[in-house]
1. Could you tally the net charge around PHE186, taking each other residue with its Cβ under 10 Å from the Cβ of PHE186, Lys/Arg +1 and Asp/Glu -1?
2. Decide, for the range 121-177, between rounded, prolate and oblate: order the square roots of the alpha carbon gyration tensor eigenvalues as a ≥ b ≥ c, take rounded if a/c falls under 1.5, and otherwise choose prolate if a/b is larger than b/c, else oblate.
3. Taking all protein chains as present, what is the carbon and sulfur share of the accessible area of the chain, in % to the nearest whole number, probe 1.4 Å?
4. Looking at the chain, identify the longest residue range that excludes and avoids all trypsin sites (Lys or Arg not before Pro) in DSSP loops having at most 15 other Cβ atoms within 10 Å.
5. Quick check: Cα centre of the range 112-135 to Cα centre of the range 165-205, how many Å?
6. Can you give me the P(r) profile for the chain? Cα pairs, bins 10 angstrom wide beginning at 0, each as a whole percent.
7. Label-point separation (nm) for ALA117 and TYR85, each offset 7 Å from Cα along Cα-to-Cβ?
8. On full extension of the chain, what length is gained from THR62 through PHE135, given 0.36 nm per residue of separation minus the C-alpha to C-alpha distance?
Amino acid sequence: GLSVALIKPKTNGVSSAGADIDTYLPKVAVAYDGKFDAVSFGVAAAVNSIKEKNGAFDETVTSGLINGKVAVNAGPAQIKANAFYGQNVGNFGIITVNPATGAGAGLPSASATLDTAGTGIEDTQTMGGWVQARFDAGMAKVAVGAGYTSSDNDTYKDPDAQATYWVQAEVPIAKTFFIVPEFSYFDQMDNAAGVEEKDFWRLGAKWQMNL
């Protein structure tokens with residue numbers, strides 16, 4: 001069905017600390033979810049706007065995104081996919097990693113940046129998505145997936161992109177008790193300054209009991 005939400009606006013700015021940030025409208029989000037036989041789907045859109053003034057800098061910073069998702073159930077297997085496209089998603093509030101160097105340093109990743117004159121903004125465009133397949137492998141339910149995101153801006157030397165890959169298994173120990181080991185690999189690629197970032201991986205597991 002259709003849902004609409006009015007949310008307290010996010011006030012992530014663009015200029016330096018001490019800026020005067022005003023909000024006049026709430027963050028607005030609209031979504032629709034549906035299902036047709038074995039296929040469920042959803043679409044959503046949201047927008048956030050703030051007015052920021054700091055010396056000669058006096059701009060409206062608009063951020064938002066559109067998103068689509070789909071899940072297909074086919075017997076013991078399930079495939080899920082999700083994709084989005086957004087503008088200034090760091091200002092919107094969905095990305096909170098603060099880069100230490102490069103364009104947008106000190107701001108949430110994928111935020112708008114100051115233009116070369118320092119009195120205007122350059123919008124950052126971000127796209128991304130992920131896909132996961134889950135299937136029954138006898139003694140365990142196994143899921144494998146991959147995700148990708150990329151942000152670009154006229155002040156960036158290169159698009160700031162990352163990819164991740166994962167595999168996990170849900171292994172039952174008893175009727176209501178199971179363990180979920182997972183391995184994830186993160187390919188950090190190049191950052192906005194054109195510097196290749198270090199890849200890393202994680203291996204872990206969780207224990208869970210359903211009461």
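The values are calculated or read from the model by the stated rules, or taken from the named source; none is laboratory data. The model shown is predicted, which means the values in this text are computed figures rather than measured ones. Positions of Cβ are backbone-derived with ideal geometry, glycine not excepted, and every protein chain shown enters the neighbour counts. Keep in mind that these areas ignore ligands, DNA and RNA; they rest on the heavy atoms of the full protein, side chains included. Shrake-Rupley method; radii C 1.70, N 1.55, O 1.52, S 1.80 Å.
1. Charge balance in the 10 Å sphere: -1.
2. prolate
3. After summing per-atom areas, the C and S share lands at 60 percent.
4. 1-156
5. Spelled out, the Cα-based centre of one part sits 23 Å from the other.
6. 8, 26, 28, 24, 11, 3, 0
7. 2.9 nm
8. That works out to 22.2 nm of additional length.
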